[in-house]
Amino acid sequence: MMGDQAETLSSGAPSISYTQVKAAVETYNGQPISFGGKVLGARRLKEGTRIEILQLPLTDSLRPTVDLSKSQGRFMALQKEFLDPATVPPGTFVTVTGEVAGSITLPLDETEYTYPLVRINNLRVWAEDDEESPRIRRPIGPYWGPYWSPYWHSWPYYW
């Protein structure tokens, strides 16, 4: 999602660009978004798992580009259900679909950085060789499986 223009997702629905949200987070609170990027780190907190992501533009298949020079900043994504940070290690490419949930200011090197915060509804993890087939993380009952599969719907995977 380049520039300040809202682009159209493959579903035909207009999307809100990262730069629009970064410039005026309060304006977009509660709005649905799809952002992609490269995981920089993940951390378990009392309120869930917070993932720091280097934003990258999405392709037509909603996969983040791998050219890091195209990044327009960073954002945080919050998963309220249990998500082991080891399952999204640094370097993982992801697409987050969710809602804008304000912003959070945290130290970054020797400064402070204000991150747009996204409440995760769906987290897609992309393997290096994936083109159009992402692995999708979805809840399986009260547990999370490593990757969703129609064959696993009745078999919860325990961490």
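Give the number of residues within region 49-67 that are closer than 12 Å to Lys38 by Cβ and not in a loop (DSSP other than H, G, I, E, B).
Summing the residues that are closer than 12 Å to Lys38 by Cβ and not in a loop (DSSP other than H, G, I, E, B) in region 49-67 gives 7.
Tell me, please, whether a residue that is out of contact with any strand residue (DSSP E or B) (no Cβ under 9 Å at 6 or more places or on another chain), of a type in the set (A, V, I, L, M) and either exposed (fewer than 14 other Cβ atoms within 10 Å of the Cβ) or at pLDDT below 95 (or both) can be found in region 5-24.
Within region 5-24 (the criterion being out of contact with any strand residue (DSSP E or B) (no Cβ under 9 Å at 6 or more places or on another chain), of a type in the set (A, V, I, L, M) and either exposed (fewer than 14 other Cβ atoms within 10 Å of the Cβ) or at pLDDT below 95 (or both)), the answer is yes, since at least one residue qualifies.
Do any residues in region 35-62 that are under 17 Å from Glu81 (Cα atoms) have Cβ atoms under 9 Å from those of residues that are surrounded by 19 or more Cβ atoms within 10 Å (Cβ to Cβ) and modelled with pLDDT under 95, where the two are at least six apart or on different chains, and which pairs are they?
Within 9 Å, the pairs are Ala42/Leu83; Arg44/Leu83; Gly48/Leu83; Thr49/Leu83; Ile51/Leu83.
The values are calculated or read from the model by the stated rules, or taken from the named source; none is laboratory data. Because the structure is predicted, anything quoted here is derived from the model rather than measured. Note: ideal-geometry Cβ built from the backbone for every residue, glycine included; neighbour counts use all protein chains shown.
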